[in-house]
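The values are calculated or read from the model by the stated rules, or taken from the named source; none is laboratory data. Just so it is clear, the model here is predicted, and its values are computed rather than measured. Don't worry about glycine lacking a Cβ; one is built from the backbone with ideal geometry, like all the others, and counts go over all protein chains shown. SASA here: full protein model, heavy atoms, side chains in, ligands and nucleic acids out. Shrake-Rupley method; radii C 1.70, N 1.55, O 1.52, S 1.80 Å.
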Amino acid sequence: MEIFEYDFILRGIVAGLIIGVVVPLIGIFLVLKRYSLIADTLAHVSLAGVALGLFFGLNPIVTALGSSVVASVAIEKLRNTKKIYGESALALFLSGSLALAVVILSLARGFNANLFSYLFGSIVTVGIKDVYLILILAVITAVVLFIFFKELLYTTFDEDSAKVSGIQTEKINIILIVLTSLAVSLAIPIVGVLLISALIVIPVITALQLKKDFFRTILWAEFFSLFSIMNLNLSTSGTIVLVMLAIFMLVFLFKKYMSHTS
Amino acid sequence: MHKSIINSTGVDHTKNIIEIENVSFGYDNQEDVLTNINLQIHKGDYIGFVGPNGSGKTTLIKIIIGLLKFKEGSIKIFGKDLDNFKEWHRLGYVSQRINEFDKNFPVTVAEVVLMGRYSNRKFGQRITEEDKILTREALEKVGMWDYQERLIGDLSGGQMQRVFIARALVSDPEIIFLDEPTTGIDERSQKEFYELLQKLNKEMGITLIIVSHDIEKLTQEVMHIVCINRSLTCHTTPEEFIRESQSTNMFGQDVKIITHHKHN
């Protein structure tokens, strides 16, 4: 295992595995709520946050986190007013933040190369501080998910009935979307802005093909997620996502074949 | 109008459990959907809400259970103002779910019914062994225990609706609201479904409020009919309702009421 002699690879792998565990836990609720694109939107908001961080010389993960949390709450509030369609709210934030990132980028040409690593992700850029930050965010996300698990499940399955049973569904939706922005921000250094939603969505939709109960669906999503992340090599997010897509295709075709033969 | 009757289940039918006074509802800057609704619902009642499409009958249910906020008036549930009402486990709700329902949602029948226990548990509190026992009992009452490990999306419409009844039952409610519960369900399952509702009302003393466009079926099943057409236009017995509706055309041209008398 020669590669483990290099600290940065070890750091990258540890960070990747933490992300691989946490992200499907959020993804399952987003996919089932037909809200997959929120991850992509928040990733672009994070990119604007990263650009701001680099511009002002702050830790880019922290600024990415701050901007995506603020944007996530704003998106949810906007959606709740019913004055604007849910996906239009997403489009608004996606294009707006990308525009902001591009403008900041052109203002300061000096850090283009650095920003590039946030677009596509790279394990090389993961420092030891980043690993700690990712670990803390991951623990917070997992603990909050654990506490609100039953409320999240009921709200996702049947929002009206959940509300009638006394669950404050607006608050639960805000919690989910803030957790999403946490997960997106913590995953960005590894997989990058462009492929984050793949990480959140593909393991979950693969697991859904297997038609299991909720708990087993999560376990399978975890398995697919971690298996793909293990393929993290010196090359980056592209490999992970391609492996995920390949697994999805295999499972999808296998289930289709099985349903034809049975 | 209501005589003091205490029937075999010991339910006091004179006790008001829902009091609606002068309630109006409308969306922003639009004409009111419901105006000046006054209605009392008594313990043990089995009430059918009828009215043409767009008459506001579903809206009224959604207002009572707090899904929509009304503009004027007051609603009391179990003597408490709706705004301060916290004992949500005393209410059950079965929506038109099966029509818009995600058939691929990865939950089993038992998991769905267990959700009904969440209102008896506080934030962050875990599900207990007692919840699981009650889930089993609720599924047995609706005859669906054998299906507990099946995925909800694999069931037929009638079976699904029984599971949603079990989910409403598992929190031990005193009232269950049903919004068009038999839409998209075949005739035989509908018959079994209404038999189940009679059992809940007669044997378990649960108050039932049901919205349905199937007026013919409702008049055979319920104790009272409430007609809604933007305001409350009648509150009467099924027999009286049939007499009235044959002489006056209550709901305009579209609605014909054909009556079959109960066979029993």
Using a Förster distance of 45 angstrom, determine the FRET efficiency expected from the C-beta separation of A:Ala99 and B:Asp102, and round it to 0.05. 0.85
The stretch A:2-255 - percent of accessible surface contributed by carbon and sulfur, probe 1.4 Å: 72
Multiplying the sequence separation of B:Asn16 and B:Ile133 by 0.36 nm and subtracting their Cα-Cα distance, what value in nm do you get? 38.9 nm
Efficiency by 1/(1 + (r/R0)^6): what FRET value for B:Glu203 and A:Asp7, r their Cβ-Cβ distance, R0 = 41 Å, to the nearest 0.05? 0.05
From the helices alone, meaning DSSP H stretches of at least four residues, give me the mean residue ellipticity at 222 nm for chain A, per-run term -39500 (n - 2.57), in deg cm²/dmol to the nearest 500. -27000 deg cm²/dmol
Qualifying GluC sites (Glu not before Pro) for the stretch B:128-237 [loop in DSSP, other Cβ within 10 Å: at most 13]: B:Glu149, B:Glu203
Hey, can you find the accessible area per residue of the protein assembly as shown for me, probe 1.4 Å, expressed in square angstrom? 47
Please list, ordered by chain and number, the residues whose modelled amide H lies under 5 Å from the amide H of B:Tyr93; skip anything fewer than 5 residues away on the same chain. B:Phe177
Given a Förster radius of 60 Å and the C-beta distance between A:Ser106 and B:Lys86 as r, what FRET efficiency does 1/(1 + (r/R0)^6) yield to the nearest 0.05? 0.65
In whole Å, how far is the Cα centre of the stretch A:40-62 from that of the stretch B:44-95? 46
Quick check on chain B: of the DSSP beta bridges with both residues there, what percent are antiparallel, nearest 5%? 55
Buried solvent-accessible surface, both chains (B, A), 1.4 Å probe, Å² to nearest 100: 2600
DSSP bridge pairs, the protein assembly as shown: antiparallel proportion in percent, nearest 5: 55
Please compute the average number of Cβ atoms from other chains found within 10 Å of each residue's Cβ in peptide B:88-94. 3
Helical mean residue ellipticity (222 nm; -39500 (n - 2.57) per DSSP H run of 4+; nearest 500) of chain B: -8500 deg cm²/dmol
Full-extension gain between A:Leu92 and A:Lys77, please, as 0.36 nm times their residue separation minus the C-alpha to C-alpha distance. 4.0 nm
Kyte-Doolittle at least -1.0, axis length at least 15 Å by Cα - qualifying DSSP helices, chain A: A:7-32, A:37-56, A:60-80, A:86-107, A:128-147, A:169-191, A:196-208, A:214-230, A:237-261
Could you tell me which helices of chain B pass both thresholds, a Cα extent of 15 Å or more along their own axis and a mean Kyte-Doolittle hydropathy of at least -1.0, with helices taken as whole DSSP H runs? B:157-169
Taking the Cα centroid of the stretch A:133-159 and of the stretch B:215-229, what is the distance between the two, rounded to the nearest whole Å? 44
Mean projected area in nm² (Cα convex hull; one quarter of hull surface) for the protein assembly as shown: 29.5
